[in-house]
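Report on one structure; see the data block that follows.
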Amino acid sequence: MKFLEPAELIEFQNWRYATKKFDPARKISAPVWEALEAALALTPSAYGLQPWQFFVVADSELKSALRTHSWDQPQVTDCSHHVVFATRNDLDEAFVDRHIARIVEVRGVTPEAMGFYKDMIASDLLSGPRSKWVREWAARQAYIALGNFMTSAALLGVDTCPMEGMDPEKYDEILSLPAKGFRSVVACSAGYRSKDDQYAALPKVRFSKADLIQTL
């Protein structure tokens, strides 16, 4: 395993920006996109529960329909892939059972050995105080996936633009998400920056580390 040097990480972080203008002629290659999909699937989540689904929109007609409900932002239609981060509507006991069964399958443990873990998840998300706002909890998990996707993309030289400027209800309608058991939370366009995107050369405006980080 070859890890980045600290300076390389900062270089990638400085290179990345919320791309405002994509080059519609440049598409993400299949191997690169497969790696990004793998990164999405490897995103960590609380309890490892993965309360999400990622809808990849590459069809031009669908992208045009979504752009109408994305404040008419051209990134939606000009990008290579537009990813919609959605959360599950069925965060229930059956889904927790499915997660536990997957752990049993992958790690070779017994269902009985996972009993305590299953009960812990259920007592928190299904019957505990957090059950009253479990959809908000799931949305927060989706943002972990968004951050992981953007960082992974940058490390592969792919540009991204996270997007909350969208109408989730219209996205749900266009993509038929309720019938599939999901609801959209946030989106992210991915592709390659246009050579004349003026925002690419602008320095990042951030508060200093001293203003943001405290060591206790």
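The table for this structure:
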{"read-out": "Single residue of region 13-57 satisfying the filter (of a type in the set (D, E, K, R) and not in a loop (DSSP other than H, G, I, E, B)) that is nearest to MET150 (Cα to Cα)", "value": "GLU37"}
{"read-out": "Subset of region 58-96 that is free of Cβ contacts under 8 Å to residues at least 24 places away in the same chain and in a loop (DSSP other than H, G, I, E, B) - its residue that is nearest to ALA122 (Cα to Cα)", "value": "ASP59"}
{"read-out": "Residue in region 13-24 that is among the acidic types (Asp, Glu) and more than 15 Å from the chain's Cα centre (by Cα) present", "value": "yes"}
{"read-out": "Residue in region 136-179 that is nearest to ALA35 (Cα to Cα), counting only those that are in contact with a Ser or Thr (Cβ under 7 Å, 6 or more places away or on another chain) and acidic (Asp, Glu)", "value": "ASP159"}
{"read-out": "Residues (more than 30 Å from GLU93 (Cα to Cα) and either surrounded by 13 or more Cβ atoms within 10 Å (Cβ to Cβ) or under 12 Å from the mean Cα position of the chain (by Cα) (or both)) located in region 37-67", "value": "VAL57, ALA58, LEU62, LYS63, ALA65, LEU66, ARG67"}
{"read-out": "Subset of region 103-123 [out of contact with any Gly (no Cβ under 9 Å at 6 or more places or on another chain), touching a residue at least 12 places away in the same chain (Cβ under 8 Å) and within 30 Å of VAL83 (Cα to Cα)]", "value": "ILE121"}
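Read-outs: derived from the displayed coordinates by stated rules, not from any lab. The shown structure was predicted, so the numbers you read here are calculated from the model rather than taken from an experiment. As a convention, Cβ positions derive from the backbone with ideal geometry for all residues, glycine included, and neighbour counts pool all protein chains shown.
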